[in-house]
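S.K.: Let me begin by handing over the structure; questions about it come next.
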Amino acid sequence: MEEQFTHLDAQGHLSMVDVGHKAATRRVAIAEAVVELAPATLELLRRAALPKGDVLACAKIGGILAAKRADELIPLCHTLNLSHVDIRFEVLDTPPQVRIEAEARTTGNTGVEMEAIIAAQTAAAVIYDMCKAVQRDIVISRVRLLHKSGGKSGEFNAPGWPAC
């Protein structure tokens, strides 16, 4: 069976998918991003001693705001009524990094994967912005979907998630 791109019409032109016929179901998506920092920068972050202030509080707010505006950033993304967005952080010493999980939820007829991914990426970018005064070579990596549930395609879990 040949796979078809959902965002192309019969003539091959871009088209926003019509989701009006789909059943409204509870939709959940969790995405991650990782921010790799130098040990000294991570220590300043832990102590809330960076020049711009509380990095993780700012990153949480930035991620939540980004999820709410994903449809403005992704051209063919639907506007969603989000019921919940959360940004969680895991600060790790080895290797020195901040692991971000962004979760988005809605009850609707299309998924929230893009909202979760945009939230994780934006939270990572906020961490970069808040830490760049002391470190410029920060690396943002491993942006990916970890989990999605709801809708016709059912559940997806990335290999190795959740960690045992």
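The values are calculated or read from the model by the stated rules, or taken from the named source; none is laboratory data. Here the structure is a predicted model, which means the values were calculated and not measured. Please note: Cβ atoms are built from the backbone with ideal geometry, for glycine as well, and neighbour counts cover all protein chains shown.
S.K.: Just one of the numbered conditions (1) among the acidic types (Asp, Glu); (2) in a loop (DSSP other than H, G, I, E, B); (3) modelled with pLDDT of 90 or more is not true of ASP18; which one?
M.R.: Among (1) among the acidic types (Asp, Glu); (2) in a loop (DSSP other than H, G, I, E, B); (3) modelled with pLDDT of 90 or more, the lone unmet condition for ASP18 is (3).
S.K.: I'm told ALA116 meets every condition in (1) in a helix (DSSP H, G or I); (2) within 19 Å of MET16 (Cβ to Cβ); (3) aliphatic (A, V, I, L, M) except one. Can you identify the failing condition by its number?
M.R.: (2)
S.K.: When the residues of region 79-113 are narrowed to those that are touching a helix residue (DSSP H, G or I) at 6+ places or on another chain (Cβ under 6 Å) and assigned to a loop (DSSP other than H, G, I, E, B), which ends up modelled with the lowest pLDDT?
M.R.: Among those that are touching a helix residue (DSSP H, G or I) at 6+ places or on another chain (Cβ under 6 Å) and assigned to a loop (DSSP other than H, G, I, E, B), it is THR79.
S.K.: Just to verify a result, which residue in region 134-164, among those that are touching a helix residue (DSSP H, G or I) at 6+ places or on another chain (Cβ under 6 Å) and within 15 Å of ALA119 (Cβ to Cβ), is surrounded by the fewest Cβ atoms within 10 Å (Cβ to Cβ)?
M.R.: Within region 134-164, the first condition is being touching a helix residue (DSSP H, G or I) at 6+ places or on another chain (Cβ under 6 Å), and the residues that meet it are 134-135, 138, 140, 143, 145, 148.
From what's left, within 15 Å of ALA119 (Cβ to Cβ): 140, 143, 145, 148.
Working: ILE140: 18, VAL143: 16, LEU145: 19, LYS148: 22.
Across region 134-164, the extreme among qualifying residues is VAL143.
S.K.: Pick from region 114-133 the residues that are of a type outside the set (Ser, Thr, Tyr), in contact with a helix residue (DSSP H, G or I) (Cβ under 6 Å, 6 or more places away or on another chain) and within 30 Å of ALA49 (Cβ to Cβ): which of them is surrounded by the fewest Cβ atoms within 10 Å (Cβ to Cβ)? Steps first, answer last, please.
M.R.: Taking region 114-133 and keeping what is of a type outside the set (Ser, Thr, Tyr), we get 114-121, 123-127, 129-133.
Next cut, in contact with a helix residue (DSSP H, G or I) (Cβ under 6 Å, 6 or more places away or on another chain) only: 114-115, 118-119, 123, 126-127, 130-131.
From what is left, the residues that are within 30 Å of ALA49 (Cβ to Cβ) are 118-119, 123, 126-127, 130-131.
Details: ILE118: 25, ALA119: 34, ALA123: 32, VAL126: 25, ILE127: 27, MET130: 21, CYS131: 23.
Taking the candidates together, the pick is MET130.
S.K.: Let me ask another. When both residues are 6+ apart or on different chains and their Cβ atoms are under 8 Å apart, which pairs have a first residue that lies in region 136-164 and is at positive phi, and a second that is among the hydroxyl-bearing types (Ser, Thr, Tyr)?
M.R.: Sorted first by the residue in region 136-164, then by its partner, the pairs are GLY150/THR25; GLY151/THR25; GLY151/THR110.
S.K.: Now for a different question. Take region 21-41 and flag every residue that is assigned to a helix (DSSP H, G or I) and either in contact with an Asp or Glu (Cβ under 7 Å, 6 or more places away or on another chain) or surrounded by fewer than 21 Cβ atoms within 10 Å (Cβ to Cβ) (or both). Walk me through how you get there before you give the answer.
M.R.: Quick first cut of region 21-41, residues assigned to a helix (DSSP H, G or I) only: 39-41.
Scanning region 21-41 gives PRO39, ALA40.
S.K.: Among the candidates LEU65, LEU56, single out the residue that is among the hydrophobic types (A, V, I, L, M, F, W, C), over 12 Å from the mean Cα position of the chain (by Cα), on the phi < 0 side of the Ramachandran plot and assigned to a helix (DSSP H, G or I). If you could, list the steps in order and put the result at the bottom.
M.R.: On the way: LEU65 fails: over 12 Å from the mean Cα position of the chain (by Cα).
Result: LEU56 is the single residue among LEU65, LEU56 that is among the hydrophobic types (A, V, I, L, M, F, W, C), over 12 Å from the mean Cα position of the chain (by Cα), on the phi < 0 side of the Ramachandran plot and assigned to a helix (DSSP H, G or I).
S.K.: Still on this structure, please answer the following. Would you point out which residue out of GLY53, GLY63 is of a type in the set (Gly, Ala, Ser) and closer than 17 Å to VAL143 by Cβ?
M.R.: Working: GLY53 fails: closer than 17 Å to VAL143 by Cβ.
Just a single option satisfies the conditions, and that option is GLY63.
S.K.: Separate question: Considering region 66-90 alone, what residues qualify as being of a type in the set (A, V, I, L, M, F, W, C) and surrounded by 14 or more Cβ atoms within 10 Å (Cβ to Cβ)?
M.R.: Kept after step one, since they are of a type in the set (A, V, I, L, M, F, W, C), are these residues of region 66-90: 66-67, 70, 73-74, 76-77, 80, 82, 85, 87, 89.
Result: ALA66, ALA67, ALA70, CYS77, LEU80, LEU82, VAL85, ILE87, PHE89.
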